[in-house]
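What follows is one structure encoded as structure tokens, with my remarks underneath.
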Amino acid sequence: MSFGIETLPYGVFSRGGEARRVGVRFGDSVIDLAPALGDDVFSRQSLNAFMARGFEAWSETRGRIIDLLGDLERAKPFLIPADGLTLHLPFEVADYVDFYSSRQHAENLGRIFRPDQQPLAPNWLHLPIGYHGRAGTVVVSGTEVERPCGQRLSPDGPAPAFGPSTRLDIEVEVGFVVGVGSSMGTAVPVDGFRDHVFGVVLMNDWSARDIQAYEYVPLGPFLGKSFATSISPWVIPLAALDNAWVSPPVRDPEPLPYLRGAADRGLDIDLELRLNGEVLSRPPFGGIYWTPAQQLAHMTINGASLRCGDLYGSGTVSGSGADERGSLIELSWNGRDPIRLADGTTRAFLEDGDVVTISASAPGPSGSRITFGEVSGTILPARC
């Protein structure tokens, strides 16, 4: 993966027995920001203190980093080879919300579970639907994920049974990191997006479909999703994505006024899903129905406050093609059509030992590409 001067993502690293600190990835190196910029905010163990400074500080700091890299001899003492560094969760997660904003994904699940009804629920075209997740189980890429246990009801079973999930799934998502909070009772408008959101990560919201299916009526996802959510270690600042904004899809009906604004735009991000190194799909994020700014506006319209370190996810990203689906439940059509892998094995859902990797890129300036790196996780056996 290549992180050029157009990208300059932020992360938290350590080496040997040294303390964690904030750095910026550049090529095969990491800039040690605290000594490079003479600012102790980067000697903290997370990005939160820096993110809380706000948009002007983010812009000024990015300018200083670009200026430093314009003289590589001056920058050289602060560049650390990335190989051998340990990467950590880049920010302390305050709250975590996950949306359900890809129309193609929502329609696919509607067709799977409600084949004799309209695929979309009546409210889906009127508001971004989401659920509150568990901030304490958001983990950095590379963290192993244990197969969760819970109650499951088989189609012909008279009562639920307890045991390991047999329908463990993935969700290819894009996550947004809040830097600046808001006051309780004050809604953030669509056009307030850039004042509050610091950057973007890749996300895999691991899902136990069998546990979820039994518990989600009437209050929605709970244990089927709260056991782990993986994010990439590098936070791509919004400033790196200036060339990736695109118009949103045509919407009918027109969203209510609080969901409109100039910042209602999509991001032209090309995602790639790999299972054990083999490409399964390439979901396109650019056509997401409910955009990141609308998600933020809806999340706060009731007066809910934002906090520095809030994370909210797009929900599973899927496109219209069979090779653009962002979850195994869609790719295998709920197990009806198992996926045949290059080694001759098949998958409907994840098996122990499987390694899932999501990567992405987006348009940058002058025809360049902005890389997001990747988020990866290995499935370990259950302990129940």
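Expressed as an acute angle from 0 to 90° and rounded to the nearest 10, what is the orientation of the C-alpha long axis of helix 103-113 relative to the principal long axis of the chain?
The two axes meet at around 30 degrees.
Extension gain S154-Q117, at 0.36 nm per residue separation less the Cα-Cα distance, in nm? Don't skip to the end; give the middle numbers.
Values: separation 37, 0.36 × 37 = 13.32 nm, distance 2.27 nm.
Computed gain between S154 and Q117 is 11.0 nm.
Whole Å is fine, so just give me how far the alpha carbon centre of region 186-242 lies from that of region 279-304.
Rounded to whole Å, the Cα centres lie 9 Å apart.
How much length, in nm to one decimal, is gained on full extension between T378 and A342, taken as 0.36 nm per residue of separation minus their Cα-Cα distance?
On the way: separation 36, 0.36 × 36 = 12.96 nm, distance 1.90 nm.
Length gained, T378 through A342: 11.1 nm.
With a/c under 1.5 counting as rounded, go ahead and sort region 152-298 into rounded, prolate or oblate using the C-alpha gyration tensor (a ≥ b ≥ c being the square roots of the eigenvalues; past the cut-off, prolate if a/b is larger than b/c, else oblate). Provide the component values of the computation, followed by the final result.
Numbers: a/c = 2.05, a/b = 1.59, b/c = 1.29.
It comes out prolate by the Cα gyration axes.
Return one number: the angle in degrees, 0 to 90 and rounded to the nearest 10, between the long axis of the Cα atoms of helix 55-69 and the longest principal axis of the Cα atoms of the chain.
Once rounded, the angle reads 60 degrees.
Just to be sure I follow the definition: excluding the sites themselves, where is the longest run in the chain that has none of the trypsin sites (Lys or Arg not before Pro) in a DSSP loop with at most 10 other Cβ atoms within 10 Å?
Free of exposed loop sites, the longest segment is 1-335.
For L72 and M184 in one chain, what is 0.36 nm times their gap in residues minus the Cα-Cα distance, to one decimal in nm? Can you show the working numbers first?
Values: separation 112, 0.36 × 112 = 40.32 nm, distance 4.53 nm.
Difference between extended and current length: 35.8 nm.
Between G353, C149, A240, whose Cα lies farthest towards the positive end of the dipole of the chain when Lys and Arg beta carbons carry +1 and Asp and Glu beta carbons carry -1, centred on the Cα centre?
The Cα lying farthest towards the positive end belongs to C149.
Give me the distance between the Cα centres of region 340-382 and region 7-76, rounded to whole Å.
Cα centres, region 340-382 to region 7-76: 27 Å.
How many nm is it between the label spots at F55 and R15, if each spot is 7 Å from the Cα in line with the beta carbon?
3.7
Values in this text are rule-based calculations from the coordinates and carry no lab data. Since the structure is predicted, the reported quantities are computational estimates derived from the model, not experimental observations. All Cβ positions, glycine included, derive from the backbone under ideal geometry; neighbour counts span all protein chains shown.
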